[in-house]
Structures are given as C-alpha cells and as structure tokens.
Amino acid sequence: MSTTVQPRTLPVECLSTGRDQVGESPVWSVDDQCLYWVDIEAPCIHRLDWATRVQSSWTLPERVGCIALSDRGTLIAAMETGIFEVTLAEPPLAHISLLTGVSHPQPGMRFNDGRCDRQGRFWAGTMVRDMGLASAAGGIYCLDTSGLRGPVLQGYITPNGMAFSPDGATAYLSDSHPRMQKIWQHTFDGATGTWGPQTAWVDMQALPGRPDGAAVDAEGCYWICGNDAGQVHRFSPQGALLQSIAVPVSKPAMCAFGGPELRHLFITSIRPAAPVPGFDTALDGALLVLEPGVQGLPEPVFSRFPVR
C-alpha cells in the first residue's frame, strides 16, 4: 500500500550539546517538561530541560536499550542483564535497582527498543549485539506486577518500532535488520496484555531507510525513522505512506512527540562508522527537533511494579 513520496524539508534545530554514539529512546515527560533519551553505547541517560535548554547526563554500568517514565518519578531502563529502576542523582551519578533479571537464549545479547502500553506495563525487545550474525534470537518481554514474562513474541533479529495506537487496541512492531526491514501490526488486548497474530503491514525494503524507532500521533498515524536514509516517515493506520520528512543526519534512530503542547517531534541519531555523503557529519549523533504540523500523545508511564 505504501509508495515513496517526495520528502519535505522543515526547519530543524539541534538541541544536544554532545554527540551520541547510538542515541535512542527519547521520552517526553509532561510533568517535568523535559526530554529523556539514551546513548546505548556510552552508556548513559540524558535529560534536556525544555525551558532552560540545559542538558544533563548520567552514566550507567551497562548498555541501556530503552527507558520509560514511572509513576514513582523514576525511570525504568532495559539494559543488558535485566530491567532496572533508575533514580537520577547529581549528574553524572544514578542509583539503579534491579527489578528483574533476564535469561537470554545466547551470549552477547541486550535489550533494545521498548515502551509502556496504555495500561502501564513495560514491553521491551532483545537482540544479539553483533548484527552481523543476523541471529533471530530476539524476543519481546513484558514487565508487570507478576514480574518478567516472555518471550511472548520471538524470532526477531533487531526488534524495533514498538508503538501503540491511541486507543491501545493496536500494537506496532518492526525488525530493522537489513535482512528484514518489515513493520507489523498486531491486535492488542490491554486488559490482559495479550498480542494478537502478526499481520504484515509495511515492507520497508521498497522505501528509504530501515525501520527504526517509532511514535504514534494523536490522529493515530505511525511515525518511524528511516535509518540510513535521513528521513522520518508517517503512515496512516492502514499503512499508506502519507509523508516523509528529510533530516540532516543519515541515521535518525527514534522519534518522540513532546514540547509544551506535544507539537514538537524529537529525533535521536546515530554516528555512522564512516561519513555519509550528503549529510552534515557535524550533526551525526545529535538530538534534533522539528515541528511536523500534528500533535502527539502523552507517553504512558510504568505503574505495574513487580509485587515481591
């Protein structure tokens, strides 16, 4: 259903003071009016205060694939050996507490993309760090009051693009590995946290970029970064490509709506192994922001801490 469209060019602002190796998982806090995101490989968590534009950073002991806000005012971080609660102290110090460990099916794995559903559960996918192996050992796990369960879905090389529709009844998931580049739709039962069968939705092989991190706007449309192509794509709920926006980095990684009225789109990025012609290498790894002309949704917070 999707077809290539001419990418739009909008004003883009660079917000970050440094450049991430692998910038991922931007999450806007309505309460703090701040954006949180991670550099997986640093490894660290960043925070940008919107009013002052001051950036702070906290170091972590393991690679952190994704984060979520919690109703305790802390962060939830899916890392290498498990999922942790993170309390941010005076930068660069962060206090972490293990919520649950994970038993990976093979060595060299970590958590990657993830987020909360609209009922407050935390979902995260795992992957083999060496993408050259193209190992389909990745799976999707859920953390809630009963602890960690999963993999509830499996067979992924690089699970990515997780998002939920405004009513929470549809879930999206992608595999961004070069051999896959697919986006799927699932029905989702929020009452039980159950994913329905995988339905082919968008084949990104025919479109610019690999399907990386994603967000859903207030109109129910799905935004996903086209990694390696310097574009962010917007799809209708039916899978039609509505628009593409060009950004000045070759590897946009994940997008998130935020700002005072949720009308800004924040985009993290990755530093490529070698400069890519046609892109501003000085911006590789930067946090970018633009105004796409639509409004986003508040990010759900994690509220289902395991009962010990």
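Quick rundown of the values:
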quantity: Rounded to whole Hz, the Karplus (6.51, -1.76, 1.60) HN-Hα couplings of the range 7-14, x for glycine and proline; calculated: x, 7, 10, 10, x, 10, 10, 8
quantity: Answer label for Rg/Rh (Cα atoms, Kirkwood Rh) (calculated), chosen among (i) 0.98; (ii) 1.02; (iii) 0.93; calculated: (iii)
quantity: Cα-based Rg of the range 227-308 normalised by 2.2 N^0.38 Å, two decimals; calculated: 1.33
quantity: Fluctuation leader among W201, W223, W37 - the chain, Gaussian network, Cα springs under 10 angstrom; calculated: W201
quantity: Charge dipole magnitude, Cβ of K and R +1, D and E -1 - the chain, Cα centre, debye nearest 20; calculated: 460
quantity: Cα→Cβ-extended label distance, 7 Å offset, between A51 and A191, nm; calculated: 4.2
quantity: Footprinting exposure proxy for D20, D113 (fewest neighbouring C-beta atoms within 10 Å first); calculated: D20, D113
quantity: Residue-by-residue Karplus 3J(HN,Hα) for the range 131-141, coefficients 6.51, -1.76, 1.60, Hz, glycine and proline x; calculated: 5, x, 6, 6, 7, 8, 8, x, x, 10, 10
quantity: Highest-MSF residue in the chain out of H95, H186, H264 [GNM, Cα springs under 10 Å]; calculated: H95
quantity: Label-point gap, in nm, between V307 and Q238 - each point 7 angstrom along Cα→Cβ; calculated: 4.5
quantity: Rough spin-label spacing in nm, given labels placed 7 Å along Cα→Cβ, for R129 and A273; calculated: 1.6
quantity: C44, C66 arranged by Cβ crowding within 10 Å, fewest neighbours leading; calculated: C44, C66
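No lab work stands behind these numbers, since they all come straight from the coordinates. Because the structure is a prediction, the values reported are computed rather than measured. Using ideal geometry, Cβ is built from the backbone for each residue, glycine included, and neighbour counts are taken over all protein chains shown.
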